[in-house]
Each structure stands twice: as structure tokens, then as C-alpha cells.
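Here is the structure we will look at, set down as C-alpha cells.
A short reminder: the numbers here are calculations on the coordinates, not readings from a lab. Keep in mind that this is a model prediction, so the values were computed, not measured. In this analysis, Cβ positions are derived from the backbone assuming ideal geometry, glycine residues included, and neighbour counts consider all displayed protein chains.
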Number of protein chains: 2
Amino acid sequence: MAQGQGDYRILHEADLRAYLAGLPDLKELLGGEPASWAITEVGDGNLNLVFIVKGARGGIAVKQALPYVRLVGESWPLPLSRAHYEYLALSRQAQLAPGLVPAVLHHNEDLALTAMELLEPHIIMRKGLVAATRYPRFVDDITTFMARTLFFTSDLALTAAEKKEAIAAFAGNHALCKITEDLIFTDPYRVAEQNRWTAPYLDGLAASLRDDMDLHVAVSRLKLKFMASPEALIHGDLHTGSIMVTDSQTRVIDPEFAFYGPMGFDVGAVLANLLMAFFASAGHERAPGERAAFEAWVLETVEQVWNQFARKFLDLWRAAAAGDAYPPSLFPGEKGAARLETERQAYMQRLFTDVVGFAAAKIIRRIFGLAHNIDFELIEPPKRRAVSEARAVGLARAMMVETGAFPSIADVIGAAQKLRDWMPELSG
Amino acid sequence: MAQGQGDYRILHEADLRAYLAGLPDLKELLGGEPASWAITEVGDGNLNLVFIVKGARGGIAVKQALPYVRLVGESWPLPLSRAHYEYLALSRQAQLAPGLVPAVLHHNEDLALTAMELLEPHIIMRKGLVAATRYPRFVDDITTFMARTLFFTSDLALTAAEKKEAIAAFAGNHALCKITEDLIFTDPYRVAEQNRWTAPYLDGLAASLRDDMDLHVAVSRLKLKFMASPEALIHGDLHTGSIMVTDSQTRVIDPEFAFYGPMGFDVGAVLANLLMAFFASAGHERAPGERAAFEAWVLETVEQVWNQFARKFLDLWRAAAAGDAYPPSLFPGEKGAARLETERQAYMQRLFTDVVGFAAAKIIRRIFGLAHNIDFELIEPPKRRAVSEARAVGLARAMMVETGAFPSIADVIGAAQKLRDWMPELSG
């Protein structure tokens, strides 16, 4: 991974063309004369520049971090170092979950730039969900990704020394963590300039959330867990906009929020975004029941994501425990094995409690915070959107405050089904 | 804090004399000609060299780390870097709890050497407890030390960014953490060469602990919490041998095990060592009831250590919260303040649960692990010692496995009182 000689500069098309032309491996991969390469800036995320570069032979994706939040502008600076943490995380994920992240072709820390395998014809999963597309590979792939990246970076797989060094290696990515701390765990629950929601219909719900002290305690506990529970190397932003899919492939992208945090945050993110796809679906149907099969698939996927994740994680624990936690020597013989197995189940139950809470937080932030998602945003008219959003918030509030009422994934799904056709009272 | 020029070497008396003579501030403090200084090696701890140096004007204590565990020898290497972490921790503790740690006068990272204020006429608290001495300042001082060092290094006082940087700054001290992980949370529960206990009388109890799978699950959960819950900068070895006292002063020494870990580990260590002093006391009495007033003071101290710690920690939280956890903006007005106060109490209750578990682990390791303490060791004959130890283990086992049966410090004290005259069945 070559380091650039110069300082950081934002690369415009011509700069990028010249830069790539100077990298023999990429030049070869792209093929043809550099002047013939088609370069398009396609970034639709919140933070970075993303270029698609296509040559006579092949294509690549190039991501460059900007020194500020793209969505907001230069008034919100953000360290370029996030590109390096993203590179570190991508490299680790590629080792642990091969084939489930884009291959890294080149990284330049000074330029905050990474060139990656071009994912084609993959699309952002969220777009597919809005179009009611089902993805048959998704459950197996995302649960493999999560089980392997989380297990192998946890105290179940690493020695305590390795774990502490790994935590320290990502400690500097705190500016990205702070975005999560503010935008997910704080702002949606108070008056904040950047909040928005489907007004005026959700004005009352927004006010009730700001006034709900039990909810504020619950989200504060989750925030503390996010800040001070370095259980594993988490992706940190694992929503359906960070997943690219085809019928036969799944790729997890954009781990720039990666750090050592609570595992439940990643699993909760996936479930939250599926649940939002479910609640949004009613808003997208042009005729009643039109998307029923899709919605059934989404809820089945919610169930399978947890169940298969738990099964794979437990299988790894049984087969590949090499960490300092739960030392095998303390659980000898049949009696020890049986007691440890009971504890493994209890561990997963505690993790599930975290998952339920974090999923709830991820839903609420998409409806009352800064960053919304197209699942809801594309529902028109706004009043109809507000109905879908209010249903999702109804579930999320219960999941966060009455977490004990959701001891299993079936309880989450049951509650979602009950809310499918619930007509909330709207403001305005 | 000057850095030495050369590499590490073990300083013998003559080397130390020459080294100190070259430090003008210390030379001035000691007074007189270097040749006249009285230098005595007094280290009775497990890891380091400790010299007392006295001159015509004053005295200092000099601590030098050895590249191995002193108690065991060169076969057990241990990084010299621990001296630097100790220096970092001492400096931070001195800022946060002034007057409660020895003043650092000089530190040389290359030599793994620190010169400190000579504590005179302080004695190691554990020795005083064996002699049934009561320390009227102890509760107030140790609770101030713990409340301030733990609160001000927690997410309640630091921003998430500051906290992550601080965690990273101590991550390299993992070799010291591993000693704790092995000797406290693992070895006493399995066959391990370094274990010892009062044989043959505790042979049966040792075997029953090795066979107790509920206990092994409980201690494994505590171990995981120790490894992966960087709540605050903890001392990491806060037993009564790390506390020096007079009637009017308390000084906490030897923070070389310091790292970001669970707060309950420090508080539990203090309580465990007081509880061991209580159970040992019966073994030291020459006539029944001779030490009753001391024992009553010890249990009163157990109660007050928790209660005053909790009160001071809560007072700091109410007055000095500047961290990213529990943002004040989420708890506005009277209603918010009341709900946050309820949550503060719940937070302390969760912390108390940790304290009970960690205290239990600290008791068991002193009876079945490598490092024992004079509270028990000085009881003769061994059979009498075993009786005191078995009582302590009876309490510890219950605290670790049935932690929920100890919702308050009064429950711990009540259980200890009930075991005061219990006659355990001994082996042999």
C-alpha cells in the first residue's frame, strides 16, 4: 500500500486520472490509455467522494474522504484519518469474512484515498428493498459477516493483550464515534437544529419523545454501552445503505465508523433497517397486499438474521475459542461442557437484549434525527409517510424502554406484525 | 521528569547513590554528602526493588521495576514498562486525589525507576489490621480516593474522545492485567502449579471450588468484565497492602496494575481485604472477644466504605458531570432531574453488583491462589488459619454465585457476622 508523497488535496477528475495513471497495477487493471478512462463521481453518501473509474479492461471504485461532512459542508469538519481506519477495518474484515467486502486495491493514507474492487452489477440494498426486491443470499451472507467479524475480534477469540492493542489501534477514530453518539443517542431526544421529521404529522410524536424520561434513560444507557463496551471490532454503520447486493452476492461497504464497540450495535443496525423496510412497505404499496410476499420475506429475514447469526456465532465459540474469556480449563469434562453451553446461551440472550435496544435507537434516529432513509422518504404524500414512520416508532419505543418484553426475535416480529395496520394519531 | 541516557540496568546500592547524587533536586532534598546517605532495600512486595534513602536533611523512597516477577524470579519475565504506567497513574491520581498518593519526585523511564516522597511513619495498613489497629481517617480518605479517581476518569466526567485516548494510553500495560486475569480469575478454580492453600485442611474445599461449575461461570463473567469494561482508570491492586496509613493519614501506593477497567474491581478489592481482616481476626485473638471492638470497627468500615464511596461518587456526578454519558440536555426541568436521580441510584446499584462479585474473587484468590496475605498467613496453627479462611470462602462463594442475595452492603455484613463463629468441616 503505497503512501503518497504530497499532502492531502481533494482530487478532481483530472487529478485522479493522473494519480491512477501513476499506479502500474491499477493502470494495468483498468487497461487502455488513461485519457480514455471514464471517471464519474457518484458519491451519494453523507461523507465522502466516490468515483467510478472504467477503462478498456476493467473498473474500480475510488473513495476519498473530505475534510468535512459532505452532507453538511465545511462548517462540520471531520478528520481525514477516518479513511485510514476504514482501510484498516476493510482489511481485517476481508481476512475474517472473505468475499463479503470489496477487495482493497490501493490505499494512500495522506490522500485519505482507497481504491477498491468495483461492485457491479450490485446495487445498494436499501434501494432494492424500496422496490420490494427479495435477496436470497442476504441472510446467509450478512450473518456470516457479522458472526465472523464480531467473534474473531472478541475476547472469545483474542488474548486480552491482543484485544487491548486492537482497541488502541482504533481509539483514534473517535470523531466518527462522536457522530453516532450525537446523532443516534442524543439529538433525536432533544431540541437540536439538525433534527427533522415529517412535519406537521409527527410534531406530537417528536414532542412526546423529547418529554419521555424513561426513553431518555434507556437511550443514555445504550449510549454509555456504545462508548464504553469494546466487545469487538464493529462496522459501526451497518445499515442497508452500507450493503451492496445482487441475487447471488452480498458486499458490506463503508466501515469508516469502525471501532471496538458493542456487538449488538451492528446486529441491531441490520434488524432496525429491515424493520424500517417492513414498515415502509405499506407506504409504498399501490394496491392493498401488493407487497405482502415481500413483507413476509422481510420479517422472515429479521428472524433468520438473528437466529443464523446466533447459531454461527455459537458454532465459532464451540469450535474456535482461543481467547482469554471463558477458559476451557474451567469447564472440564461433560459437566463442564454442559454448564459452559448453558452459559453460551445466556451470553447470547444478554447480547440479544443489547440488539433490541440498539435496533430501537437506529429506528428512532432515522425518523427524528438528521439522517433519514429513502425507505420512508420516498413515501408520498408526507401524511402517508408519517403513518409508516409512527408505526416504526411505536415498535422502537417499546423495544427501547420495555426491552424485557422482547425476550426473543419472535416477540419483535409479533409486535411488528401487530403494528402493520395500526392507525396512529397524527398531528396537524 | 528527566530521562536517563543509558539503557536499563538493575541499580545496586552504590549505583543508586551515584545516580541520585547526579540529580540536584534530590541531592538537595536528601542533604549532606552522598557518601553519608543511608540506603536500604526494603521491598517486600511481589515485583520490584524498593530503596529507602535517608540523608542529613530528608528521605525518599526509590522504586525500580525488575524485568521479572521478584516473587518468582527470572523464569517469569515482566515488562519494565509497568514502571512508566505506574508513574502515569500516580501522576493522574495525584491530580485527582491530592494528598492521598505519595508525591513523585523523579521518574526515569529507561531505568524503570521512580523516586517518591518517603512515607514516614506510615505503615502498610494490612500490618495494622493484623495488630487490630483502627484507622479513623481510613474511610474518609479511601472513599475520597476512589470516588475522585474513578469518577473523573469515567464517561461521566470525560468526553468520549478523551476517554478513548486515555484507554489507549494504558492499553500497553496488558502484561500486568494478565497477571490479574490468571491469578485472580482463573488459576484458583483449576489445578495450577502456583496455587497453594492451607493443606490438608482446605483440600476438600479447594476440590469443591474446582468442581463448582456455577462458580466457574460466575468468575468467568467477572473476568470478561475485567478484560472488556474500561469504565475508569482503576488502581488495579487496591488491597490493604497497597495502602499506607497513620492515625491521621492515608496514602495509596503501587498503582502499577493501573489501566482502564471496571470500577467495581477497586471498590471490591478494598471491601474484600477488610472482610478478610474480619475473618482473620478470630484467628488472631488470644482470648475470646479480645478483638471484638476491632471487628466491629472493620464491619462498620465495610459499610461506610461502600456508603461513603457511593455518596461521594453521586455528589460528584450531580455537581461535576462533564462527560458525554447521560447528557444533561436529555433530563431537563424538575421531571428530568428526578428521573436522572433515579437512574443514578440504579447505576450505583449495578456497580454494587460488580463490587460484590469482584470482592468475592479477591477473597478466593488469597486463599487458593499464588499470592496469600499475612491476615491469614500469620494465624497459627494452620488448622486455626483454615477455619478463618473457610469462613471467608463461604461468604465469597455466596457473593459470587448468589450475587442477587446481596442487594446492599448490609446484606454482606449480615452474612459475614453469621459466619464469624461458624465451624466449617475441614479435611485432613
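Counting Cβ atoms of other protein chains within 10 Å of each residue's Cβ and taking the mean over peptide A:226-235 gives 4. Which residue fluctuates most in the GNM of chain B (Cα springs below 10 Å): B:146, B:348, B:400? The residue that fluctuates most here is B:348. Longest stretch of chain B clear of exposed loop sites (GluC sites (Glu not before Pro), DSSP loop, at most 16 other Cβ atoms within 10 Å, sites excluded): B:1-192. Taking other Cβ atoms within 10 Å as a rough exposure proxy, A:53, B:69, A:356, A:42 sort from fewest to most as A:42, B:69, A:53, A:356. Neighbour counting of Cβ atoms within 10 Å sorts the residues A:383, B:127, A:63, A:312, fewest neighbours leading, into A:383, B:127, A:312, A:63. Among B:100, B:85, B:62, whose Cα lies farthest out toward the positive end of the dipole of the range B:1-120, if unit charges sit on the beta carbon of Lys, Arg (+1) and Asp, Glu (-1)? The Cα lying farthest towards the positive end belongs to B:100.
Per residue of B:156-169, other chain Cβ atoms within 10 Å of the residue Cβ number 5 on average. Got the residue B:81 label distances to the other copies yet, label 7 Å along Cα→Cβ, in nm, shortest first? So the distances to the same position in the other copies read 1.8 nm.
In percent, what relative contact order does the range A:269-340 have, based on Cα pairs under 8 Å that are 6 or more apart in sequence? Relative contact order comes out at 26 percent.
With label points set 7 Å from Cα along Cα→Cβ, the inter-copy distances at residue B:175 are 3.5 nm, sorted shortest first.
Placing a label point 7 Å from Cα along the Cα-to-Cβ direction at residue A:377 gives distances to the equivalent points in the other copies of 6.7 nm, listed shortest first.
The ranking of B:62, A:387 by Cβ neighbour count inside 10 Å, starting from the fewest, reads A:387, B:62. Cα centroid separation, the range B:40-77 to the range A:376-428: 64 Å.
Averaging the Cα positions of each part gives two centres, and for the range A:313-362 and the range A:238-255 these lie 27 Å apart. Which residue, B:327, B:364, B:222, has the largest displacement toward the positive end of the dipole of the range B:123-419 when charges sit on each Cβ (Lys, Arg +1; Asp, Glu -1)? The Cα lying farthest towards the positive end belongs to B:364. Dividing the helix sum by the residues of chain B, where each DSSP H run of 4 or more adds -39500 (n - 2.57), gives a mean residue ellipticity at 222 nm of -16500 deg cm²/dmol. Averaging the sequence gap over all C-alpha pairs within less than 8 Å and six or more residues apart, then dividing by the number of residues, gives the range B:13-117 a relative contact order of 19 percent. Taking every full run of DSSP H in chain B, the ones that stretch at least 30 Å from end to end by Cα along their long axis and average -1.0 or higher on the Kyte-Doolittle scale are B:263-284, B:292-320, B:333-368.
Inter-chain neighbour count for B:213-220: the average number of beta-carbon atoms from partner chains within 10 Å of each residue's beta-carbon is 6.
Under 10 Å, Cα contacts only: if you run a Gaussian network model on chain A, which one of A:386, A:207, A:416 comes out with the highest mean-square fluctuation? Result: A:207 has the largest fluctuation of those listed. Which of rounded, prolate, oblate describes the range B:13-117, given a ≥ b ≥ c as roots of the alpha-carbon gyration tensor eigenvalues and a/c under 1.5 marking rounded, otherwise prolate only if a/b is larger than b/c? Because a/c hits 1.5 or more and a/b fails to exceed b/c, the range B:13-117 counts as oblate.
Chain B holds its axis-closest Cβ, relative to the rotation onto A, at the residue and whole-Å distance B:168, 2.
Residues considered: A:67, A:188, A:381. Largest GNM mean-square fluctuation over chain A, using C-alpha springs under 10 Å, is found at A:381.
Taking amide H as placed 1.01 Å from N in the peptide plane, residue A:48 has its amide H under 5 Å from the amide H of A:70, each at least 5 places away in sequence or on another chain. Once a ≥ b ≥ c are taken as the square roots of the eigenvalues of the Cα gyration tensor of the range B:98-250, is the result rounded (a/c under 1.5), prolate (a/b larger than b/c) or oblate (a/b not larger than b/c)? Here the range B:98-250 falls in the oblate category. Remark: the Cα gyration tensor places chain A in the oblate category, a/c being 1.5 or greater and a/b not exceeding b/c.
In a reduced charge model with +1 at each Lys and Arg Cβ and -1 at each Asp and Glu Cβ, the range A:314-428 shows a dipole moment near 200 debye about its Cα centre. Based on Cα contacts under 8 Å between residues 6+ apart, the range B:123-419 shows a relative contact order of 30 percent. In a fully extended conformation the segment linking residue B:91 and residue B:123 would gain 9.3 nm over its present Cα-Cα distance, using 0.36 nm per residue.
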